[in-house]
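Written below as structure tokens is the structure these notes are about.
The values are calculated or read from the model by the stated rules, or taken from the named source; none is laboratory data. No experiment lies behind these values; they were computed from the predicted model shown. Note that each Cβ is placed from the backbone with ideal geometry, even for glycine, and that neighbours are counted across all protein chains shown.
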Amino acid sequence: MRNVVVSLLLTLGLLTACDASNSTTPFPNNQIDVPPLMTMPPMPLALDDTRFPIMPAAEAQYDTGRALYEQYCSSCHGLNGEGQQPDPLAFGMAPPHTDVGHTWHHPDQQNFQTVWTGRTVAGVMPSFATQLTPDEIIAVLAYIKTWWSQQSLTVQLERTEATMNNEGG
């Protein structure tokens, strides 16, 4: 019983301290301005940017994309795009970027945005907007495409072009 009385008195004290008529509050109108946790830079590419669609990497772009992928992506997605083990398709795990995964299901614009802004839908992928330039992200995505079958590339290209033409994606 004593604990209940003490709890009630503490609650009343807190409520009185938070009363809007209390003129000693340091915040006008009892509002606190809370800045956003993180401000994202605006998307640097339009849906119909000339760098879309992204083709599989070749030559210098392959070397650049591979080096960047190994530095920024492989610790979660695997050196060869195999995804986070032991079960890369499980909720919260970094998915594979091969045909087994779903990266090829999305248009280039969406894959670019995921790398640029990060994602917290099925797990946590950080934003790389402050680490990679748009052209470096494109090199990484072009490198990832070297792991896809011709069928996956064809489907993904159609989705990218539909997005460029505002036909969905």
Checklist entry - Is it true that Thr160 is touching a helix residue (DSSP H, G or I) at 6+ places or on another chain (Cβ under 6 Å), in contact (Cβ under 8 Å) with a residue 40 or more places away in the chain and not in a loop (DSSP other than H, G, I, E, B)? => result yes
Item to check | Spans of helices (runs of 4 or more DSSP H) in segment 1-90 with at least 1 residues at pLDDT 75 or above and in contact with a Phe, Trp or Tyr (Cβ under 7 Å, 6 or more places away or on another chain) | outcome: 59-72
Checklist outcome for this item: Considering segment 102-123, residues that are within 11 Å of Gln156 (Cβ to Cβ) and surrounded by fewer than 18 Cβ atoms within 10 Å (Cβ to Cβ), and then whichever is nearest to the chain's Cα centre (by Cα), we arrive at Gln110
Item to check | Failed item in (1) among the aliphatic types (A, V, I, L, M); (2) in a helix (DSSP H, G or I); (3) in contact with a Phe, Trp or Tyr (Cβ under 6 Å, 6 or more places away or on another chain), with Leu141 passing the rest | outcome: (3)
Next on the checklist: Six or more apart or on different chains, Cβ atoms under 7 Å: show the pairs whose first residue is in segment 92-114 and closer than 18 Å to Gln150 by Cβ and whose second is among the β-branched types (Val, Ile, Thr).
Outcome noted: His97/Thr103; His97/Ile144; Thr103/Ile144; Trp104/Val155; Pro107/Thr160; Pro107/Thr163; Asp108/Ile54; Asp108/Thr160
Checklist outcome for this item: Within segment 51-77, the residues that are closer than 18 Å to Pro95 by Cα, without any contact (Cβ under 8 Å) to a residue 40 or more places away in the chain and surrounded by fewer than 18 Cβ atoms within 10 Å (Cβ to Cβ) are Glu70, Gln71, Ser74, Ser75
Checklist outcome for this item: Among the residues of segment 96-136, the number that are outside any loop (DSSP other than H, G, I, E, B) and under 21 Å from Met55 (Cα atoms) is 15
